[in-house]
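Working notes for the structure below.
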Amino acid sequence: MYSNFKEQAIEYVKQAVQEDNAGNYAKAFPLYMNALEYFRTHLKYEKNPKIKEAITQKFTEYLRRAEEIRAVLDEGGSGPGPAANGDAAVAAGPKTKGKDGRGEGEDGEQAKLRAGLNSAIVREKPNVKWNDVAGLESAKQALQEAVILPVKFPQFFVGKRRPWRAFLLYGPPGTGKSYLAKAVATEADSTFFRLSRGDVNASHEDGAFACLEGRRQQVGKCQLPFLCSISSSDLVSKWMGESEKLVSNLFQMARDSAPSIIFVDEIDSLCGQRGEGNESEASRRIKTELLVQMQGVGHNDDKVLVLAATNTPYALDQAIRRRFDKRIYIPLPDAKARQHMFKVHLGDTPHNLAESDFEHLGRKTEGFSGSDISVCVKDVLFEPVRKTQDAMFFIKTPSDTWIPCGPKQPGAVQTTMQDLAAKGLASKITPPPISKTDFDKVLARQRPTVSKGDLGVHERFTKEFGEEG
């Protein structure tokens, strides 16, 4: 069912290794990252332990190589590279210090736990606007009622009218659940905490990937609203036996920084059905503490919102599911939304696509998720570069640049990119704009990663417990 994830990962690895061997590190790094994202998704659903072990080993190797390349790129950049601790930063504001240097009212153990949690958090400042999220109007309206209106129009919430305090976003992988959460963080004047957990027995490479991802996304000095990301392995691996206290401290930090939002990513693997044979003691403790903390959010913490996402809603513990006031289905995008996504991902990259071409792409990609479209556009962005590398004829433009062309085009000169570079004209070579044929070429080899069976599961859950987004 999920073999497409592995196939896509392998394809990206091949391209990454090719660019890596050629010394094109700036091109190799995003290709490695794309491969790692697909490997991570595949590992979630792979049942064969031998295959899972083999993929995990390769995952670690490619992750290590990506980190090495990132270090090289940072050293060659105009600014300083990331700190060795992954740009970790304290999420909550400074507390009053006692004579012993601890926060006021905190004992030594509590201060140590909070300091440990703070050191594991990676800050990032999302920049995703509501308009960047295609479709999902019902979901956006519900989130605005819970997050935006209480801050901008507090007079609306009088008597028994209270904003929603707990949201569950569910749907197939890559449909934009985390993207929607980032839009909330961008639009809301709130502190935003992200609790991420891939597996209750998370390995250290998961944590390393989270740190690498955080460094890639962090920007400048953090100003509210910001996204604080903590990896799953930090909850279990680093402080074994203290997991539930770390969860408690995270919620306390959210209360101290209110108004705030806690985003729990992949909550199914953190809060699966109780009584399962493979459930660890650490998992049970985390689940119990999360239930207690969410109960408090629903009754006492008017300025703390819990937002969670899952690809497998049926795997959630029933008690956890009941804690969410709103359970919203995030489906695959429709044709209009897909058309908008192609425009957003292309951005200001030079292209010659007309509006009718975008409409064609929206119709042609039935069954594609937002993630699939993002991957497609990333691949398309390199098609002009590939054309330039393979071109045998170039033409000189009025602006004194050289672009690839056909042999019969007036003014065409038989030469190659390497020949022009050898003549000192490397900076004058310009790839052609993206065309519709570039998309057709990429789409001919790309397939949707979400099956009809996956969609059926989510549609059944929506009829039983949820609502359309």
Inset, instruction - Under 1.5 on a/c is rounded, so check that first for the stretch 323-469, then, if it is not, pick prolate when a/b is larger than b/c and oblate when it is not; a ≥ b ≥ c are the square roots of the alpha carbon gyration tensor eigenvalues. - result: prolate
Inset, instruction - Could you work out the local net charge near P431, counting Lys and Arg as +1, Asp and Glu as -1, over the other residues with Cβ closer than 14 Å to its Cβ? - result: +1
Inset, instruction - Sort the following peptides by mean Cβ neighbour count (other Cβ atoms within 10 Å, averaged over residues), highest first: 371-382, 310-321. - result: 371-382, 310-321
Inset, instruction - Please list, in chain and number order, the residues 5+ apart from A166 or on another chain whose amide H is under 5 Å from its amide H, with Hs placed from the backbone. - result: V306, D325, K326
Legend entry - Proximal lysines to K303, defined as alpha-carbon separation beneath 17 angstrom and excluding residues fewer than eight positions away on the same chain: K152, K160, K326
Legend entry - Coil-residue trypsin sites (Lys or Arg not before Pro) of the stretch 129-164, DSSP, other Cβ within 10 Å capped at 15: K129, K160, R161
Inset, instruction - Take the Cα atoms of the stretch 1-81, find their three principal axes, and give me the spread along each one in whole Å, biggest first. - result: 44, 20, 16
Inset, instruction - Measure up K14/K441; K343/K441; K27/K387; K378/K436; K6/K58; K44/K441 against 20 Å on the Cα-Cα distance and list the ones that go over. - result: K44/K441
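Each value in this text was obtained by applying a stated rule to the coordinates, not by laboratory testing. Being a predicted model, the structure only gives us computed values, none of them experimental. Every residue, glycine among them, receives a Cβ derived from its backbone with ideal geometry; neighbour counts consider all protein chains shown.
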